[in-house]
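Trainee: Got a structure for you, written out below as structure tokens; questions coming shortly.
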């Protein structure tokens, strides 16, 4: 078994145990492999080990990998900050976007989504910890933004995403994820997705209802930001 396949098995076991601990079916938690800075060969290994969902932060890197992996039936998620000049390529080449935090970006994604593709699945990124350095709309903006995005014709609003302030305290981890779940539950939209939890806190996220955990380091090892895709 390759290192990546072995890591996937370990993460799958963590997901299964965390779900069962709170009475959830493990199948309700999707594993989104964060493949930024990883070569296409690593994604092929992960695909061979059963993964289908891959998250990318950097557009140009992602487009190059998508071209070299076009023979595989992968689902591509954009999970990084979005600049206005990147929306067209994102709308054309991704199945999901987890990091929408402004109406302007959502409108551009809707306008630029090709008519021959299904609506683009959207999660609103929420800054649940109020960090100045983090992207995401403020919690008190979620309802208004969700209402506006739900009316855009080429998008499908699926849920919310967050990247809380780092913490080693399981109670603090759960509290941050509970805030996102509470915001989702308060919305007057039927949303099925909570994109939250990473390698160090996936158990807390699953306990609070995560439907996608975004895992990079635990699958692929520490990132080498000097390596090309």
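Trainee: If you count, for each residue, the other Cβ atoms within 10 Å and average over each peptide, how do 30-41, 125-136 line up from highest to lowest?
Mentor: Numbers: 30-41: 20.7, 125-136: 16.8.
Order by mean packing, descending: 30-41, 125-136.
Trainee: With n ≥ 4 as the cut-off for DSSP H runs, can you work out [θ] at 222 nm for the chain, using -39500 (n - 2.57) per run divided by the number of residues, rounded to the nearest 500?
Mentor: Calculated from helices alone, the mean residue ellipticity at 222 nm is -11500 deg cm²/dmol.
Trainee: Can you pull the semi-axes for the chain, root of five times each eigenvalue of the Cα gyration tensor, sorted largest first, whole Å? Mind showing how you got there, number by number?
Mentor: Details: eigenvalues 125, 111, 48 Å².
In descending order, the three semi-axes are 25, 24, 16 Å.
Trainee: What ranking do 198, 161 get, fewest neighbouring Cβ atoms within 10 angstrom at the top?
Mentor: With the sparsest Cβ surroundings first, the list reads 198, 161.
Trainee: Quick check on the exposure proxy: order 15, 105 from fewest to most C-beta atoms within 10 angstrom.
Mentor: Fewest to most other Cβ atoms nearby, the residues stand as 105, 15.
Trainee: How much of the DSSP bridge set in the chain is antiparallel, in percent, rounded to the nearest 5?
Mentor: Percent antiparallel among DSSP bridges in the chain is about 0.
Trainee: Taking the beta-carbon count within 10 Å as an exposure proxy, list 56, 172 from fewest neighbours to most.
Mentor: Going from sparsest to densest Cβ surroundings: 172, 56.
Trainee: Please state, as a whole number in µm²/s, the translational diffusion coefficient that the Stokes-Einstein equation yields for the range 37-89 at 37 °C and 0.692 mPa s, with Rh defined as the Kirkwood radius across alpha carbon pairs.
Mentor: Result for D is 282 µm²/s.
Trainee: Any idea what % of Cα-Cα pairs in the range 113-189 are farther than 14 Å?
Mentor: Values: 1848 of 2926 pairs.
Roughly 63 percent, rounded to a whole number.
Trainee: Taking 8 Å as the Cα distance limit and 6 or more residues as the minimum spacing, I'd like the relative contact order of the chain as a percentage. Each step should come with its number before you reach the end.
Mentor: On the way: 418 pairs, mean separation 50.4, N = 229.
Reported relative contact order: 22 percent.
Trainee: Sticking with this structure for a sec: Using the alpha carbon gyration tensor of the range 80-126, what are the three equivalent-ellipsoid semi-axes (square root of 5 times each eigenvalue), largest first, in whole Å?
Mentor: Values: eigenvalues 49, 25, 16 Å².
Equivalent-ellipsoid dimensions as semi-axes: 16, 11, 9 Å.
The numbers here are math on the coordinates, done by the rules we state, and not lab data. None of these values were measured; they are calculated from a predicted model. We place every Cβ from the backbone using ideal geometry, glycine too, and count neighbours over all the protein chains shown.
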